[in-house]
Amino acid sequence: MSHVVTQPCCADASCVFACPVNAIHPTPDEPDFATADMVYIDPKSCVDCGACVGACPVGAIKPDAKLAEHELPFIELNRLFHEDRSTPPIQAPVTPVVAKRDAAAPMRVAVVGSGPAGLYAADEILKRPGTEVTVIERLPTPYGLVRAGVAPDHPETRTIDRLFRMIEGERGFSYALGVEVGTDITHAELTAGFDAVVYAVGAASDRSLGIPGEELPGSVTATDFVAWYNGHPDHVDDVFDLDHERAVIVGNGNVALDVARILASDPERLARTDIADHALEALRRSRVREVVVLARRGPAQSAFTLPEITGLLERDDIEVVIDGDLDVIAGSLMEQQKVEALRRAAPRPAARRIVLRYQSAPVEMLGADAVTGVRVARTRLVAEGDTVRAVATDRIEDLETGVVLRSVGYRGRPVPDLPFDDVRAIVPHDRGRVVGLPGTYVVGWIKRGPTGFIGTNKTCATETIDRLFEDANAGVLAPPTARGLPDEITRSAIDLEGWRLIDRWERRQGLAAGRVRVRLSDRDEMRRVAISPVVPDPARRRRRVILGA
Ligand SMILES: Cc1cc2nc3c(=O)[nH]c(=O)nc-3n(C[C@H](O)[C@H](O)[C@H](O)COP(=O)(O)OP(=O)(O)OC[C@H]3O[C@@H](n4cnc5c(N)ncnc54)[C@H](O)[C@@H]3O)c2cc1C
Ligand SMILES: NC(=O)c1ccc[n+]([C@@H]2O[C@H](COP(=O)([O-])OP(=O)(O)OC[C@H]3O[C@@H](n4cnc5c(N)ncnc54)[C@H](OP(=O)(O)O)[C@@H]3O)[C@@H](O)[C@H]2O)c1
Ligand code: SF4
Ligand code: SF4
């Protein structure tokens, strides 16, 4: 008997610190933590105490005896990770907390952005006594990509919002939602009102392929498509032409797999999720039956992670076809495991299929007024040190399609009044301190670039906030000249209570419709719900009656 880590793991390492026998690896101080797809429990060390189960914010850990059929492959994945690993029998490391020395006046910090990085940063700050945090967010709702990125058919991953609700409930926490820094308020106004400013604005843009025809109608970005199906207010009016038998996705990272799954899923299965209503209707009308996922390199170099491909291969409603050479060189253990997972994929005919096509680099989008196909060059793989590069050959093929989704990575946008490294598309920093701007910090994707899981932002936030408190202790932070946000901003913003009203409204509508939630995506409607009079929760009223209140 052992406990097992399963698919929704987002690598925040909370379980690592809960385990009394150091059975969960890699830990944040081990070199492979940065590149690991998830953490794994060593079945030989696990004493089945269950302490990790409650520590996991997304319910990813289960006793092996309680795994559902589709989770059984994770027993082997956890075991294999530890097979050749020698781990010293020490306790998991505890990250030192850098305390603020002068606690006479409250220290006010503005956090810009309410995605995982912003909320983990707020949590790290509020752990230290005498602190207050205002999280400023341009959208009327918080949680960044957890709301607008994570796929609707991954509801377990979204349960991370339980942790976010706990952070919101901490003393000293406040929200200013619907406020865009750089448009509604300047960086100078923030530095005047707060001891420090932490930017957690993510990477909202996308990389481009730089090939002819990329901008033709019908060639769209996965970034836009994901935001559309998740009801992001900026994308409610987007229209995607799904009137084609075949869709092609460029890139094979986890975002590409999300998009492929959504396009290939039976819409009635999606109808139970919190997918945006406009997207559900469009997917019901969609004629797409085949989704081709193009990777320029080979199966071993697939950018998707092992838990995600394992989850897809377990789906019985989608046929997955591998079009690639599974005998090409596989290097690391992770690469070998990906190849093995693909090798085990059993043919399973279904109404819709995903084709994982390898060694295929797009060189041109075809068509005059709109995309009619993708021209692809077959590649050969060249090993260069630790990496493998794809080199285009003269074998050219045309793939007919009217819809191409480019999923080749997100890209950070410049933040007004902050320096910007245009090559890496991040704000230049030293372990979270923005270069040349004392008292200003970065965290999350705008600090590291667009890679990593939800939980990766936790260790990232710890690093940045430790620097912030080192600076506070060293007297580097200039004292604020005003108190928090200007009044007119506070008056127009949606606060924590407003967000709770939106959240409750969405869940109630969901309950009535047999869904997780029904999403609001119109800004005006969200504002209307956020100021609506409080409707008493019937369950709470019943409790009061029982207690005689
Ligand atoms: C499509 C997709 C699916 C994903 N699915 C998973 C998954 O299933 N599991 C997993 O572990 N990881 C997943 N990830 C990765 C995870 O979502 C990221 O690691 C994480 O969201 C990055 O956090 P962040 O806070 O840096 O950025 P974000 O989550 O993007 O948050 C940034 C926030 O800042 C706000 N903002 C931007 N500019 C301003 C401004 N000027 N003023 C005020 N607010 C501003 C934005 O509106 C946003 O809310 C996914 C990523 C993507 C792209
Ligand atoms: N469920 C989850 O845990 C989950 C879900 C979604 C996202 N995420 C995380 O979010 C992060 C971002 O994911 P992502 O999928 O956007 O990015 P990603 O993992 O970096 O994948 C990008 C893909 O684009 C390809 N690519 C880049 N440039 C290209 C070009 N010029 N031509 C052809 N292909 C090109 C890459 O191929 P090469 O490898 O050959 O460069 C790769 O396949 C990742 O860390 C991911 O794990 C996690
Ligand atoms: S069940 Fe207990 S011993 Fe096993 S991994 Fe979890 S915390 Fe560690
Ligand atoms: S999500 Fe965090 S707590 Fe849960 S299994 Fe993964 S690393 Fe552990």
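Results, tabulated for the structure shown:
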| read-out | value |
| --- | --- |
| Normalised convex hull volume, segment 163-229, alpha-carbon set, Å³ per residue | 168 Å³ |
| For segment 294-371, alpha-carbon Rg and Dmax in angstrom | 14.1, 46 |
| Accessible surface of the chain [probe 1.4 Å, protein heavy atoms]: carbon and sulfur percent | 52 percent |
| Segments 464-474, 439-449, 159-169 sorted - mean Cβ within 10 Å per residue, highest first | 439-449, 464-474, 159-169 |
| Segments 244-250, 395-401 sorted - mean Cβ within 10 Å per residue, highest first | 244-250, 395-401 |
| Relative compactness, segment 321-408, computed as alpha-carbon Rg over 2.2 N^0.38 Å | 1.28 |
| Estimated vicinal HN-Hα couplings, Hz - segment 391-404 in sequence order (Karplus 6.51, -1.76, 1.60; Gly, Pro = x) | 10, 5, 9, 8, 7, 10, 9, 10, 10, 6, 5, x, 9, 10 |
| Simple Cβ-charge dipole of the chain, Lys/Arg +1 and Asp/Glu -1, about Cα centre, in debye nearest 20 | 1420 debye |
| Value of relative contact order over the chain, rounded to a whole percent, pairs C-alpha under 8 Å and six or more apart | 18 percent |
| Reciprocal mean inverse distance between Cα atoms of segment 463-528 - Kirkwood radius, Å | 15.5 Å |
| Computed P(r) (all Cα pairs; the chain; 10 Å bins; percent) | 3, 17, 26, 27, 19, 7, 1, 0, 0 |
| Segment 147-303 - percent relative contact order, Cα under 8 Å, separation 6 or more | 28 percent |
| Sequence-distant residues sharing a close amide H with Arg406 (under 5 Å, placed H) | Val220, Thr221, Ala222, Val250 |
| Heavy-atom surface of the chain, accessible at 1.4 Å and reported per residue (Å²) | 45 Å² |
| Extended-chain gain in nm, criterion 0.36 nm per residue less alpha-carbon gap, Lys127 and Leu80 | 13.3 nm |
| Directionally averaged shadow of segment 106-252, computed from the convex hull of its alpha-carbon atoms, nm² | 11.1 nm² |
| Mean Cβ neighbour count within 10 Å, used as a protection proxy, ranking 77-85, 514-522 highest first | 514-522, 77-85 |
| Dipole axis of the chain (+1 Lys, Arg; -1 Asp, Glu on Cβ), positive-most option in Leu263, Thr459, Val4 | Val4 |
| Segment 189-275: C-alpha gyration tensor shape, a/c 1.5 cut-off, then a/b vs b/c | prolate |
| Amide H partners (placed H, <5 Å) of Val198, local residues excluded | Ala110, Val111, Val112, Tyr441 |
| Pairs from Lys338/Lys447; Lys44/Lys447; Lys66/Lys447; Lys66/Lys127 whose Cα-Cα separation, in the structure shown, is over 31 Å | Lys44/Lys447; Lys66/Lys447; Lys66/Lys127 |
| Thr35-Glu170 FRET efficiency (beta carbon distance; Förster radius 22 Å; 0.05 resolution) | 0.10 |
| Cα-based shape type of segment 246-379, given that a ≥ b ≥ c are square roots of the gyration tensor eigenvalues and the cut on a/c is 1.5 | oblate |
| Cα-based shape type of segment 15-72, given that a ≥ b ≥ c are square roots of the gyration tensor eigenvalues and the cut on a/c is 1.5 | prolate |
| Note, ³J(HN,Hα) from phi for segment 69-77, Karplus 6.51, -1.76, 1.60, rounded to Hz, x at Gly and Pro | 3, 6, 9, 4, x, 6, 4, 5, 4 |
| √(5λ) per eigenvalue of the Cα gyration tensor, segment 231-304, largest first, Å | 24, 14, 12 |
| Using alpha-carbon coordinates, inclination of helix 116-126 to the longest axis of the chain, degrees | 30 degrees |
| The chain: Cys lacking any partner C-beta under 4.7 angstrom | Cys9, Cys10, Cys19, Cys46, Cys49, Cys56, Cys460 |
| Vicinal HN-Hα couplings computed from phi for segment 478-487 (Karplus, 6.51 cos²θ - 1.76 cosθ + 1.60; Hz; Gly/Pro x) | 6, x, x, 9, 10, 10, x, 7, x, 4 |
| Local electrostatic count at Glu290 - Lys and Arg +1, Asp and Glu -1, tallied over other residues with Cβ under 12 Å | +2 |
| Dipole moment magnitude, nearest 20 debye, segment 406-467 about Cα centre, only Lys, Arg, Asp, Glu C-beta charged | 220 debye |
| All-pairs Cα distance distribution in segment 369-415, expressed in whole percent, bin size 10 Å | 20, 30, 34, 16, 1 |
| Whole-number percent relative contact order across segment 422-471, with pairs defined as alpha carbons under 8 Å at least 6 apart | 38 percent |
| Residues with amide H under 5 Å from that of Ala176, placed H, sequence gap 5 or more | Val135, Ile136, Glu137 |
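The values are calculated or read from the model by the stated rules, or taken from the named source; none is laboratory data. Keep in mind that this is a model prediction, so the values were computed, not measured. Virtual Cβ from ideal backbone geometry, glycine too; neighbours counted across all protein chains shown. Surface accessibility is based on the protein's heavy atoms, side chains included, excluding ligands, DNA and RNA. Shrake-Rupley method; radii C 1.70, N 1.55, O 1.52, S 1.80 Å.
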